[in-house]
1. When DSSP assigns beta bridges and you keep just the ones with both residues in the chain, what percent turn out antiparallel, to the nearest 5?
2. Taking the chain as a Gaussian network, where each spring joins two C-alpha atoms under 10 Å apart, which residue of Pro182, Pro122, Pro145 fluctuates the most?
3. Rounded, prolate or oblate: which fits the chain when a ≥ b ≥ c are the square roots of the eigenvalues of the alpha-carbon gyration tensor, with rounded for a/c under 1.5 and prolate only if a/b beats b/c?
4. To the nearest Å, what is the center-to-center distance of region 7-36 and region 91-153, using C-alpha atoms only?
5. Going through region 44-125, which chymotrypsin sites (Phe, Trp or Tyr not before Pro) have at most 12 other Cβ atoms within 10 Å and a DSSP loop state?
6. Label Thr95 and Ser215 with points 7 Å out from Cα along Cα→Cβ: what is the distance between them in nm?
7. Can you work out ³J(HN,Hα) from phi for every residue in region 156-172, in order, using Karplus 6.51 cos²θ - 1.76 cosθ + 1.60 and θ = phi - 60°, giving whole Hz and x for Gly and Pro?
8. Under a 5 Å amide H to amide H cut-off, with H placed in plane at 1.01 Å, what residues pair with Val175 once short-range neighbours are removed?
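Nothing in this text is a laboratory measurement; each read-out follows from the coordinates by a stated rule. Note that the coordinates shown come from a computational prediction; the quantities given were computed from them, not determined experimentally. Cβ atoms come from the backbone with ideal geometry, glycine included; neighbour counts cover every protein chain shown.
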Amino acid sequence: MSEQTAVITGGGQGMGRAIAHKFAKQGIHCILIARTEANLNAVVDEIKELGGTAEAVVLDVTDDAGVQAFGEQLGDKQVDILVNCAGDWLIDYMTDTTNDKLDHILNTNLRAPYIISRTLVPNLRKSENASIINIGSLVTAMSVPTVTAYTAAKVGLKGLSGSLAEELKPDRIRVVMISPGPADTPMRDDASPDIDKAILVQPETVADMVYAVVSLPRGITTSNFVLSSMLWE
């Protein structure tokens, strides 16, 4: 899989960082998107130390104008892989969830992947074996209290993934949602600082699965699936 380009949102830490490392080791050029420049630059440096190539794009994925500008910057450049990994988390009862909090969670976890995917479809169509990978969550397979907004966004992303997969089937662009959970990421640390990390899915495991899916032969895909630890109860 040489001479390929991957765009990874949320590429400055956690699963996005692990996916970038995995891709870079396979000779895939990584375009990393995130809000925090220092995090992005650190990952770019790590990738260079691994012998790979990467570039940083400081961008809030919920900024429509910024996403449009990024698309214009790409121009007609071929993109082989898009990983929608950027996301945010909210633990709150519905009755305590303000409209602003709801909008933020929906915009970050659902609307942004929609807009970014739409923006990059022309670039992905130039690839001989393109993939869109949406990072979901275990909440798409089980019901959990106090995460109503987050669940609504991720279940919406699951529906988006399935529908878009059908739309892009004639182009042989696979669209798959991988739903890890719970995973050892900074977002999990914020949500559950005292959790035993031994029971969590490691970001590198998620990265391995993402790479396995994007490495499938042209015209071959798989269903959306959950990636979970058997130690989680």
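1. In the chain, DSSP labels about 0 percent of beta bridges as antiparallel.
2. Sorting by GNM fluctuation, first place goes to Pro145.
3. Verdict is rounded for the chain.
4. Each part's Cα centre sits 18 Å from the other's.
5. Here the chymotrypsin sites (Phe, Trp or Tyr not before Pro) that fit, given the DSSP loop and packing criteria, are Tyr93.
6. Output for this residue pair reads 5.1 nm.
7. In residue order, the calculated couplings are x, 5, 5, x, 4, 4, x, 5, 5, 4, 5, 4, 9, 4, x, 8, 6 Hz.
8. Excluding prolines and chain starts, which carry no amide H, the hits are Ile132.
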